[in-house]
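All of the numbers you see were taken from the coordinates with simple rules; none came from a lab. Note that this is a predicted model, so its numbers are computed, not measured. Cβ: placed from backbone, ideal geometry, glycine included. Neighbour counts: every protein chain shown.
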Amino acid sequence: MSHAEIGHNTGGLEIEVEVRVFNSIQQKTGGNVSRAMTLPAGGTVGDILSRLKVNATDVFLVWCNGRDITRDLNSGVNTDFAPEHGDIIAVSGAVPYSWGYGSPIV
């Protein structure tokens, strides 16, 4: 869905979200864990990933306000999810394995 399809009266409106990155995504984005990001109304997780310069294939988990929004119906990352003003979007890449337990740290 393009931004023009969202509504005729959203042109020029912006929302601000907080973006938090973890694990391998943090390494790809220069180490900053949290940052404010301004998006046009109707901006999506795909827009956030684009601004972070992160490929959706590198993303393992995505949360909006603590709720898992990672997968769409066709598998992969739901890049079409549109956060609302004030939402916190957390993005995590692959989780390293624990040496002590041999399983992913979640």
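Summary table below
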| quantity | calculated |
| --- | --- |
| Sequence-separation-based contact order of segment 3-92, relative, with Cα cut under 8 Å and 6+ spacing, percent | 37 |
| Neighbourhood charge, 14 Å Cβ-Cβ cut-off, centred on S50 and excluding it, Lys, Arg +1 and Asp, Glu -1 | 0 |
| Integer Hz, Karplus 6.51/-1.76/1.60 couplings in order for segment 89-94, x for Gly and Pro | 9, 10, 10, 10, x, 4 |
| Amide H contacts of T70 (H built 1.01 Å from N, under 5 Å, at least 5 apart or other chain) | V62 |
| Cβ-defined net charge surrounding S34, 11 Å radius [Lys, Arg +1; Asp, Glu -1] | +1 |
| Charge sum, other residues only, whose C-beta stays under 13 Å from A90's C-beta, Lys/Arg counted +1 and Asp/Glu -1 | 0 |
| Full-extension gain in nm, Q26 to F60, via 0.36 nm per residue minus C-alpha separation | 11.0 nm |
